[in-house]
Each structure stands twice: as C-alpha cells, then as structure tokens.
Protein chains: 2
Amino acid sequence: MEGEPTLQLRVFDLNCWAIRYLSKRRQERVRLIGDMLRQEGFDLVLLQEVWSERDYSDLKAKLGGCYPFSHYFRSGVIGSGLCVFSRFPILDTLLYQYSLNGYPYMLQHGDWFCGKSVGLVVIKISGIVFNVYVTHLHAEYCREKDAYLPHRLVQAWELAQFIRHTSKAADVVLLGGDLNMHPEDVGIRLLRGWTGLRDAFAEATRFEGCEDGCTLIPNNCFTVKTELLPFPLGIRIDYILYKAVSSFTVKCEELKTTMGTAPGMDIPFSDHEAVMATLHIRRQGQAADSNLGTAEPMLADVVTEARTEVGVGLRAAQRQRYSTGRMAVLALLLLLLQAAAALGTLAGLAAGQPFPKLSFSLLAFFAIGILLLATGLHLFHTIEVKMLQGTEEQLRMALRALQEHP
Amino acid sequence: MEGEPTLQLRVFDLNCWAIRYLSKRRQERVRLIGDMLRQEGFDLVLLQEVWSERDYSDLKAKLGGCYPFSHYFRSGVIGSGLCVFSRFPILDTLLYQYSLNGYPYMLQHGDWFCGKSVGLVVIKISGIVFNVYVTHLHAEYCREKDAYLPHRLVQAWELAQFIRHTSKAADVVLLGGDLNMHPEDVGIRLLRGWTGLRDAFAEATRFEGCEDGCTLIPNNCFTVKTELLPFPLGIRIDYILYKAVSSFTVKCEELKTTMGTAPGMDIPFSDHEAVMATLHIRRQGQAADSNLGTAEPMLADVVTEARTEVGVGLRAAQRQRYSTGRMAVLALLLLLLQAAAALGTLAGLAAGQPFPKLSFSLLAFFAIGILLLATGLHLFHTIEVKMLQGTEEQLRMALRALQEHP
C-alpha cells in the first residue's frame with residue numbers, strides 16, 4: 001500500500017524423530033529430509049529431535065550450498081535436538097534450558113535426559129531483524145492423566161518470558177517447534193496470550209495439508225495408532241507462530257503440511273508432519289504494539305487457569321519430597337540400628353553372633369542403597385518444588401499486573 | 001547541560017554469607033543488614049547468598065516500609081541465594097540458570113547445589129527503564145590451580161550473552177554481584193568487553209572505603225586469613241557495573257565500601273564488604289551505542305584468551321568422561337563374570353561352592369555401586385563436555401564477527 005517492497009520468507013519446521021538406535025529407518029529419513037530441503041530451498045529451517053550430532057553434521061555438509069548458515073544447540077546428556085539452517089547469516093545465538101523437564105527415573109519417557117530448551121538465533125534480512133526461536137516441550141504420554149502438565153506449563157511460561165525479554169529489539173519474532181500441546185490447551189493459550197504470537201495455521205490465507213492442520217496423524221506409518229484412537233483426524237502439536245513487534249506487519253500467505261508420506265516416496269520424513277509457512281513481511285507506517293494479547297480480561301483467566309494447574313503440580317511435588325525424605329530417614333534409622341547391633345556384638349554385650357553375617361550385610365547394603373536413592377530423589381523433588389513455587393509466584397505477579405492495568 | 005533533570009540512584013550490593021547452620025552469627029548479621037538498609041534507604045538493594053527463604057521473609061517483613069517491592073529468585077536444591085529489594089515497582093523478572101556450575105561430588109565446595117544463576121528485574125523510574133541484574137558466579141578455591149576457571153568462564157559468557165539479549169529495550173543496565181573474579185581476570189574483561197558495562201569503582205568521581213576497592217579483606221574477622229596471604233590488601237570480587245544503552249548517560253558520583261566492621265558495631269555484615277554506588281542518570285541528546293566495547297581489536301584478544309581456557313577445560317572434561325566411562329565398563333564386566341560364575345555353580349559345572357558367599361555378595365554389591373556411580377559421573381561429564389563445546393563454538397562465532405566487522 002505504501003510502496004514498500006514485501007519480503008517473502010519461506011519457513012520449514014519439523015520434528016525429525018531421529019533417535020539413534022531407536023527411530024525406525026532414521027538414516028534413510030535424514031537423507032530424505034536433506035534432499036528435500038536442498039531441492040525446496042527454504043529461507044529458514046527449524047528442526048527438532050536431531051539428537052545425533054553426526055546427523056546434524058551430515059545435514060550441514062549436504063545443505064552447505066543452499067543454507068550456508070546453521071546452528072546446533074547443545075544441552076543435557078543427549079542434547080537439545082534443536083538446530084537451525086538459514087539462507088541468511090546468523091548474527092547471534094542464545095540457549096535457555098527449561099528449569100523443569102520430567103523425572104530422571106522415568107527412563108521409559110527419557111525427556112529428562114534431553115535437556116529440553118529453547119534456542120534463539122538472530123537474523124537480519126534486508127535490514128529487518130528477526131528473532132527466530134526453535135523449541136521442543138515435554139511430551140504428553142497420557143492425556144487423561146497427564147502427570148507432566150505442570151512441567152509443560154512451567155516450560156510454556158519460561159518460553160513466553162524468554163521470548164518477551166529477548167525480543168524487544170526485534171522487528172519480527174518467529175517461533176517454530178513441537179510444543180506437545182493441542183491448540184486449545186491452556187499452555188498454548190498462555191504462550192500466545194502473554195507474547196502476542198499468532199498461529200500461522202489460523203491466520204493463513206491458503207492452507208494445504210492434513211485436515212485441521214494436524215501434524216501427528218493416523219495415516220503416518222510411524223505413529224502409534226492406539227495413542228491417536230480418541231483423535232481420528234490426528235492432533236496438531238507442531239506450530240509456526242509469529243508476530244511483528246515494531247512497525248512491521250507479518251501475514252501468512254500459505255501454510256502447508258506433509259500428509260503422511262514424503263512427496264514421491266513410500267515413507268514419511270518423520271512420525272510428525274512437517275509444517276511449511278510462506279510469510280509476507282512489510283513495513284507499515286504506524287507501529288503496532290502487540291506486546292500483550294488483545295483480549296486482556298481473557299488473558300487473566302488463562303493465567304489463573306495455568307496457575308491452578310501449576311499449584312496442583314506443586315502439591316504433588318511437595319508430597320513426593322515428603323515421602324522420599326521420610327524414606328531416607330527410615331533407611332538411616334535402619335542403618336543406625338544395625339550399627340548399634342554390630343557394635344554391641346563387638347563389645348561382647350550379646351552372647352555370640354545374633355544374625356547370620358550374610359543377611360546382616362545384605363540388609364546393610366540394602367539400607368545404604370535406599371538411603372542414597374531416597375536422598376537423591378528428595379533433592380530432586382526439592383528443586384521441583386522450588387521451580388513450581390517460583391513459577392506460581394511469577395504467574396501471580398503477572399495476574400496482578402493484568403488486573404492493575406486492564 | 002540540556003536542562004533535563006538528573007535522576008539520582010543509590011544502589012547497595014552485598015554477598016550476605018547467610019548459610020544456615022554454617023555461617024557464623026548469621027541471624028545477628030541478617031538483623032544488622034536489615035536495620036542498616038532500613039536506616040539508609042537505598043533505592044535498590046542487590047543481595048547474594050541469602051540461602052534461606054526464611055531470612056528473605058524476615059528481611060522483607062522488616063523492609064516492607066522503605067522497600068515495598070522485592071523478589072527472591074528460586075533455583076537449584078538450596079536456592080540461587082539472590083534477591084532484590086526496591087523502592088520502585090518491579091515490573092517483570094526472569095531467571096537464567098548457568099549451564100555449568102562445578103561438580104556435584106565436590107561436596108566440600110557445594111557450589112553445584114546452589115543452582116548459580118543470574119536474576120533480572122525490570123524497573124521503571126521517571127519513565128527510564130532499568131534492567132537490573134544480580135548474580136553470583138562459581139567461587140575460586142585455589143587461584144594457582146583453578147579447576148573451576150572454565151566453568152566460571154562459561155558463566156561469565158552466558159551472563160554477558162543473557163544481558164545483551166535481554167537488555168535491548170532498556171535505557172540503563174545495572175549489574176551487581178559477587179563475580180568471584182579479580183578486576184584483571186579474563187572473565188571480567190570478557191563480560192565488560194562483550195556487554196560494554198563499566199566498572200563503578202573505576203569510574204567513580206569520589207571513592208571511600210577499602211584500598212583498591214577490595215571487598216574481601218584480611219581486616220574482616222570472618223575472612224580466612226591464609227587464603228588472602230598473597231594479597232595483603234585483600235581482593236576485589238564484588239562489583240557494581242552499569243551502562244546506558246540508549247540516549248542516556250550514567251555517571252558514578254560516589255562509590256563506597258564497608259571496611260571490615262559494620263558502622264558502629266563490633267562485627268561485619270558479612271565476610272564480604274558491601275559496595276554502595278550513587279549513580280546520576282540523565283537524558284542526553286544523542287544516542288550513544290555502546291553495545292560492544294570501544295576497543296574491539298583488544299576484545300578479540302580477550303575472546304581468544306577465554307576460548308583457550310574453555311578449550312583447556314573441555315579437554316579435561318573429555319578425559320573425565322572417558323575414564324568414568326571405562327570404569328563403568330570394567331564394573332559391568334566384573335558383574336557379568338560374577339553372574340557367569342554363579343550360574344556355573346547353579347548348573348553344577350563347578351564342584352561345590354568356589355567362593356565364600358559373603359565375599360561373593362560383597363564384591364557384587366561393590367561392583368553395582370561402582371557401576372552406578374561411574375555411570376552417573378559419565379553422564380555428568382557428558383553434559384559438561386557438551387556445554388564447554390557449545391561455549392567454545394559461540395566464542396569462535398563471536399571472534400569471527402569481531403574480525404569481519406572491525
């Protein structure tokens with residue numbers, strides 16, 4: 001309208017499901033993803049679950065020509081799994097690791113070991129500063145009884161706060177990733193409301209792909225069909241969100257998803273569908289401050305709802321902290337009793353050896369094991385309580401701010 | 001000069017050394033600190049090592065009248081120890097926990113359990129946005145052979161990056177805390193060079209306090225005298241740093257430190273001396289972009305030096321990762337051997353019981369213990385390697401940016 005040229009940006013987002021030794025046909029799929037990315041020539045590629053640095057290096061080598069700039073975010077035991085490929089120079093990066101991320105003893109879920117994080121890369125295109133965030137939140141293993149909801153909410157809140165605090169000088173904010181939340185979930189409403197980010201799927205002028213924009217669908221041969229039984233169409237948990245923070249507008253011209261198989265192939269790229277957005281960015285006369293969502297009274301409800309859920313998690317964590325602490329004390333008492341009995345025997349107070357040596361030592365080892373384990377768990381749940389309390393307090397502060405300046 | 005009024009800000013910073021059950025005369029000192037803060041009426045109070053939330057609550061109750069706004073940053077097992085009291089409303093907060101912070105098995109040093117972090121509070125005074133950071137970096141236990149230097153450097157780098165990324169919309173940036181670095185150390189040169197922060201002690205028009213601005217002095221009855229033997233005057237490790245990021249200037253009119261004892265008392269507030277700065281902030285005509293330090297060629301040298309030290313730490317961490325991994329494999333082999341022997345006996349392959357039961361079970365328990373311990377350590381050092389690699393790569397990127405745009 002004002003004669004300013006429009007910048008077109010093509011963004012690709014995919015949870016690659018590339019777990020070494022565990023993900024089916026991983027190497028073949030990573031090769032396929034690389035081939036497609038090279039062929040399609042996106043401007044920005046945001047990937048999750050690239051757990052092996054070797055896979056990242058292979059992609060980097062293959063994509064060097066069309067995406068000369070890239071960054072791999074390291075964290076946790078296994079890694080963050082996050083990486084970015086870009087046609088434009090990456091000026092700066094920052095990683096923020098979420099303070100809560102599941103439980104180390106839930107080995108079958110494994111999220112704790114991944115060091116789930118949000119990665120930021122700063123990019124400048126035609127003088128426009130883009131803050132690009134890529135993230136992956138804690139998985140949801142059971143929707144009916146979701147024990148990880150408080151942790152995921154803490155992550156969503158930390159993500160929102162991290163974006164708000166780091167994006168103040170950006171012209172455009174982009175977030176891509178596997179948020180492990182359905183569009184109507186409280187965490188995503190909190191994230192969107194608190195940051196003002198808009199959902200590319202909801203805003204897209206044209207859409208092409210799975211019904212309702214789903215990214216985990218029964219039609220994909222790698223998804224676990226039983227988990228999707230309550231959702232015959234699938235679920236939408238992978239997103240591209242965006243906003244313009246200064247005198248720019250962003251519009252999603254087109255959104256696409258893959259549909260169960262890679263184009264022209266017999267297998268999908270991943271167990272998730274890829275999300276591809278074509279964004280149009282243009283300078284406008286007036287600055288539109290969309291720092292907080294538009295409907296603040298509604299936002300207050302969302303914050304209250306999130307706070308309630310975090311409170312539920314807090315009480316569960318406090319119970320765990322108490323019961324592990326009690327178990328540690330009991331194990332210590334048992335050990336002390338044994339020590340007293342052993343000393344009594346040594347001092348000749350008891351007539352002869354009252355216990356068989358073997359069971360006596362086995363019991364002592366058992367007590368030491370329980371003591372160590374319970375102490376470790378007690379420390380862990382102490383941290384959990386602290387972080388949940390911290391988040392609850394921050395949400396309370398946010399609520400007060402919303403109520404004072406409505 | 002331009003008729004704009006000058007804003008005066010009085011800032012107080014102290015490492016309170018308030019460790020429950022361990023710090024001498026803790027409760028008495030916390031009371032003293034509270035009394036003095038109430039009497040002096042600073043604008044901003046930045047405290048570290050307030051480990052007990054009870055102490056924070058006591059201070060908050062006492063200071064509610066003159067510092068109506070406050071925030072306690074929760075993290076780690078024990079806490080971050082960081083808190084802020086303010087005369088002006090705190091608009092927002094954010095906590096960033098450093099990715100490396102010593103070793104869990106160094107129980108005598110204990111830093112790992114503290115969840116060392118940097119806390120940010122956003123404050124607006126007379127329309128000027130202040131980003132106020134408070135932090136406490138890993139302690140230095142042996143200057144000659146400082147095993148924690150790479151970790152402290154990672155922290156200094158993360159601190160610098162966190163400040164840069166979060167302060168882009170701030171008018172004034174303030175950082176107070178115990179950085180555990182001498183003024184000429186590479187970490188503080190990196191922090192100052194990369195953020196453009198200025199040292200209140202070096203810039204102060206008037207100074208009153210310990211010689212050279214030292215904050216850990218032999219004259220304080222709580223300091224360990226043998227540790228300060230090489231430094232007869234003491235050392236300066238507590239700082240107030242500042243910069244103006246937009247069209248403002250900040251000037252340190254006066255800097256003071258306490259001098260071994262609390263004024264009019266027989267004991268000091270802490271084993272550290274307090275740092276008190278009076279800052280004058282005024283609006284100026286032209287924006288002064290001091291985002292990066294002034295002497296960039298020198299900064300490149302500092303980044304290179306930091307990178308070398310991080311590289312040394314990386315190689316040490318890789319060695320530790322290897323040796324703990326090897327130990328875990330050996331313990332596993334021993335267990336397998338024992339299992340084979342036990343199965344052999346059960347199957348009647350060996351004539352009778354070849355080992356006494358007791359030592360056989362003790363050995364098995366020993367092997368299991370070593371296996372668990374070595375595996376845990378191996379995972380820990382794997383994380384350490386990842387974070388050091390990540391920082392080294394970021395420093396390499398920073399160096400390239402400095403060399404490309406000199």
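Summing +1 for each Lys or Arg and -1 for each Asp or Glu among the other residues whose beta-carbon sits under 12 angstrom from that of B:Ala170 gives +3. Taking the label point 7 Å along Cα→Cβ, A:Glu211 and its counterparts in the other copies are spaced 8.3 nm apart, in ascending order.
Note on region B:4-71: with charges restricted to the Cβ of Lys and Arg (+1) and Asp and Glu (-1), its dipole about the Cα centre is near 420 debye. Rounded, prolate or oblate: which one fits chain B, using the alpha carbon gyration tensor with axes a ≥ b ≥ c (rounded when a/c is under 1.5, else prolate when a/b beats b/c, else oblate)? In terms of gyration-tensor shape, prolate. Phi-derived couplings, Karplus 6.51 cos²θ - 1.76 cosθ + 1.60 at θ = phi - 60°, listed residue by residue for region A:357-368: 3, 4, 5, 4, 6, 4, 4, 4, 5, 4, 5, 4 Hz, with x used for Gly and Pro. How charged is the neighbourhood of A:Ile240? Take every other residue with its Cβ under 9 Å from the Cβ of A:Ile240, and add Lys/Arg as +1 and Asp/Glu as -1. Residues near A:Ile240 contribute -3 overall.
With loop membership from DSSP and a limit of 10 other Cβ atoms within 10 Å, the longest segment of chain A without GluC sites (Glu not before Pro) is A:185-406.
Which value at 222 nm does the protein assembly as shown reach when only helices count, each DSSP H run of 4 or more adding -39,500 (n - 2.57), with the total divided by all residues and rounded to the nearest 500 deg cm²/dmol?
-13500 deg cm²/dmol
In the complete set of protein chains, residue-level accessible area for B:Arg152 is approximately 10 Å², probe 1.4 angstrom.
For the Cα trace of region A:94-173, dividing Rg by the Kirkwood Rh returns an Rg/Rh value of 1.08.
Inter-copy label distances for B:Gly127: 2.8 nm (label point placed 7 Å from Cα along Cα→Cβ; shortest first). 3J(HN,Hα) along region B:53-60: 5, 5, 4, 4, 4, 4, 4, 4 Hz, from the Karplus curve 6.51 cos²θ - 1.76 cosθ + 1.60 with θ = phi - 60°, whole Hz, x for Gly and Pro. Count Lys and Arg as plus one, Asp and Glu as minus one, and take only other residues whose Cβ is under 10 Å from that of B:Glu140; the net charge is then -1.
Amide H contacts of A:Ile240 (H built 1.01 Å from N, in plane; Pro and chain starts excluded): A:Ala200, A:Phe201 sit under 5 Å, all sequence-distant by 5 or more or on other chains. Please give the helix B:186-195 orientation as an angle from the longest Cα principal axis of chain B, in degrees from 0 to 90, rounded to the nearest 10. Tilt of helix B:186-195: around 50 degrees. In the context of the full protein assembly, B:Met327 retains an accessible surface of approximately 100 Å², using a probe radius of 1.4 Å and ignoring ligands and nucleic acids.
Averaged over peptide A:382-389, the number of partner chain Cβ atoms lying within 10 Å of each residue's Cβ comes to 4.
Taken across both chains, chains B and A shield about 3700 Å² of accessible surface from a 1.4 Å probe.
By definition, a body whose alpha carbon gyration tensor gives a ≥ b ≥ c is oblate when a/c is 1.5 or more and a/b is not larger than b/c, and region B:184-336 fits this oblate description. Ranked from shortest, the separations from the 7 Å Cα-to-Cβ label point of B:Met298 to its equivalents in the other copies are 5.5 nm.
Computed from label points 7 Å out along Cα-Cβ, the spacing between A:Asp212 and A:Arg20 is 3.7 nm. Each residue of region B:384-392 was assigned a 3J(HN,Hα) from its phi angle through the Karplus curve 6.51 cos²θ - 1.76 cosθ + 1.60 (θ = phi - 60°); the sequence is 4, 4, 4, 5, 5, 4, x, 5, 4 Hz, with glycine and proline shown as x.
Stokes-Einstein diffusion coefficient for region A:40-167 at 10 °C in a medium of 1.306 mPa s, Rh from the Kirkwood formula over Cα pairs: what value in µm²/s? For these conditions, the coefficient is 102 µm²/s. When the other protein chains are added to the chain by itself, burial of at least 50 square angstrom of heavy-atom accessible area (probe 1.4 Å, ligands and nucleic acids ignored) affects these residues of region B:72-92: B:Arg74, B:Val77, B:Asp92.
For chain A, what relative contact order do you get, as a whole percent, if you take Cα pairs closer than 8 Å and at least 6 residues apart?
15 percent
In region B:154-172, burial by the other protein chains removes 10 Å² or more of 1.4 Å probe accessible surface, compared with the chain on its own, from B:Gln161, B:Phe162, B:Arg164, B:His165, B:Thr166, B:Lys168, B:Ala169.
Using a ≥ b ≥ c from the Cα gyration tensor of region A:4-57 (square roots of the eigenvalues), is it rounded, prolate or oblate, where a/c under 1.5 gives rounded and otherwise the larger of a/b and b/c decides, a/b for prolate? If you can, show how the numbers build up before the last one.
Values: a/c = 3.27, a/b = 2.45, b/c = 1.33.
It is prolate, given that a/c is not under 1.5 and a/b is the larger ratio.
Remark on B:Asn15: its backbone amide H falls under 5 Å from those of B:Gln48, a criterion applied only to residues 5 or more positions apart or on other chains, H modelled at 1.01 Å from N.
Of A:Lys386/B:Lys168; B:Lys225/B:Lys256; A:Lys124/A:Lys386; B:Lys62/B:Lys168; A:Lys62/A:Lys256; B:Lys24/B:Lys124, which sit over 31 Å apart, Cα to Cα?
Working: A:Lys386/B:Lys168 29 Å; B:Lys225/B:Lys256 23 Å; A:Lys124/A:Lys386 38 Å; B:Lys62/B:Lys168 35 Å; A:Lys62/A:Lys256 24 Å; B:Lys24/B:Lys124 37 Å.
Going by Cα-Cα distance, A:Lys124/A:Lys386; B:Lys62/B:Lys168; B:Lys24/B:Lys124 fall outside the 31 Å limit.
Annotation: per residue accessible area for the protein assembly as shown equals 44 Å², rounded to a whole number [probe 1.4 Å, protein chains only].
Can you find, among B:Val118, B:Val303, B:Leu149, the residue farthest towards the positive end of the dipole of the protein assembly as shown? Put +1 on the C-beta of Lys and Arg, -1 on that of Asp and Glu. Of the listed residues, the answer is B:Leu149. Its Cα centre serving as origin, chain B has a Cβ charge dipole (Lys and Arg +1, Asp and Glu -1) of approximately 1180 debye.
Between amide H atoms placed 1.01 Å from N, distances below 5 Å from A:Asp92 occur with A:Val122, all of them 5 or more places distant or on a separate chain.
Annotation: the protein assembly as shown has a Kirkwood hydrodynamic radius of 28.9 angstrom, from the mean reciprocal C-alpha pair distance. With all protein chains in place and a 1.4 Å probe, the accessible surface of chain A carries 59 percent carbon and sulfur.
The values are calculated or read from the model by the stated rules, or taken from the named source; none is laboratory data. Just so it is clear, the structure is predicted and the values come from calculations on it, not from any experiment. Using ideal geometry, Cβ is built from the backbone for each residue, glycine included, and neighbour counts are taken over all protein chains shown. The area values use the complete protein model at the heavy-atom level, side chains included, leaving out ligands, DNA and RNA. Shrake-Rupley method; radii C 1.70, N 1.55, O 1.52, S 1.80 Å.
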